[in-house]
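Here the structure comes first, spelled out in structure tokens, and everything after it is commentary.
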């Protein structure tokens, strides 16, 4: 298994540009989520999904869109990038959509985004 | 709103020393508490997961305890090694998905 994969690894955008961060997992996990990690702020949840066709907002959803058309993929879209979105983005997945068991979450390697 | 605090923010110890990392959370209505390790420029690796009904979990030289009623957890690392140098993150899961602390940056000096 490749686990959780994220592309690209690094991206530079200009303010106002749009882009999609890709996340895929090959473990048939129902639960997937996106976090951003900023210095001094820790990891904060952006959006999450408990299954195909179901998404919900996390702590910091503004400026981001998600969709979940398949179990494997959970892309994160930035509609109009802002410097405040400069961050490291992590995607994670788990087999337990209710998050009530011993199953942990598996994290991807991250995407570093710089918005100028 | 759940808040997770980790103390200390940074820690430097000589190789071989036993050490304790602390985590506290404000809302005791959790399903589980997890400890992760993050190496510089890398993703997160799960170390231990303690369900709310459990008191502790052990993996090798790592032992994590949970006192849900007081909102506290500790991660005990025995006989520390330079390879243990990393940032350790505590996270709790309740009615909201994982809420993370800001981490403890550990340096083990050979």
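The values are calculated or read from the model by the stated rules, or taken from the named source; none is laboratory data. The structure displayed is predicted, hence computed values, not measured ones. With ideal geometry, Cβ positions are generated from the backbone for all residues, glycine too; neighbour counts draw on all protein chains shown.
Some points to look at:
- Listed here are the strands (runs of 3 or more DSSP E) enclosed by the range B:1-73 that have at least 1 residues being over 22 Å from residue A:107 (Cβ atoms) and in contact (Cβ under 8 Å) with a residue 60 or more places away in the chain: B:4-7, B:10-14, B:19-25.
- Filtered residues of the range B:78-91 (kept if over 10 Å from the mean Cα position of the chain (by Cα) and within 16 Å of residue B:46 (Cβ to Cβ)): B:84, B:86
- Selection within the range B:74-110 - more than 14 Å from every other protein chain (Cβ to nearest Cβ) and outside any strand (DSSP E or B): B:78, B:79, B:80, B:81, B:82, B:83, B:84, B:85, B:110
- Matching residues, the range B:53-73, being within 10 Å of another protein chain (Cβ to nearest Cβ) and buried (at least 19 other Cβ atoms within 10 Å of the Cβ): B:57
- Residue check, residue A:40 out of contact with any strand residue (DSSP E or B) (no Cβ under 6 Å at 6 or more places or on another chain), within 14 Å of another protein chain (Cβ to nearest Cβ) and in a loop (DSSP other than H, G, I, E, B): yes
- Residue B:71 being at positive phi and in contact with a strand residue (DSSP E or B) (Cβ under 7 Å, 6 or more places away or on another chain): yes
- Counted as qualifying within the range A:51-116 are the strands (runs of 3 or more DSSP E) with 1 or more residues that are surrounded by fewer than 19 Cβ atoms within 10 Å (Cβ to Cβ) and more than 14 Å from chain B (Cβ to nearest Cβ), namely A:64-66, A:76-78, A:111-115.
- Any hit, the range B:12-23, residues being within 14 Å of chain A (Cβ to nearest Cβ), within 27 Å of residue A:87 (Cβ to Cβ) and at pLDDT 95 or above: yes
- Residues of the range A:37-94 that turn out to be farther than 17 Å from residue B:44 by Cβ and either in contact with a helix residue (DSSP H, G or I) (Cβ under 7 Å, 6 or more places away or on another chain) or touching a residue at least 60 places away in the same chain (Cβ under 8 Å) (or both), as a count: 7
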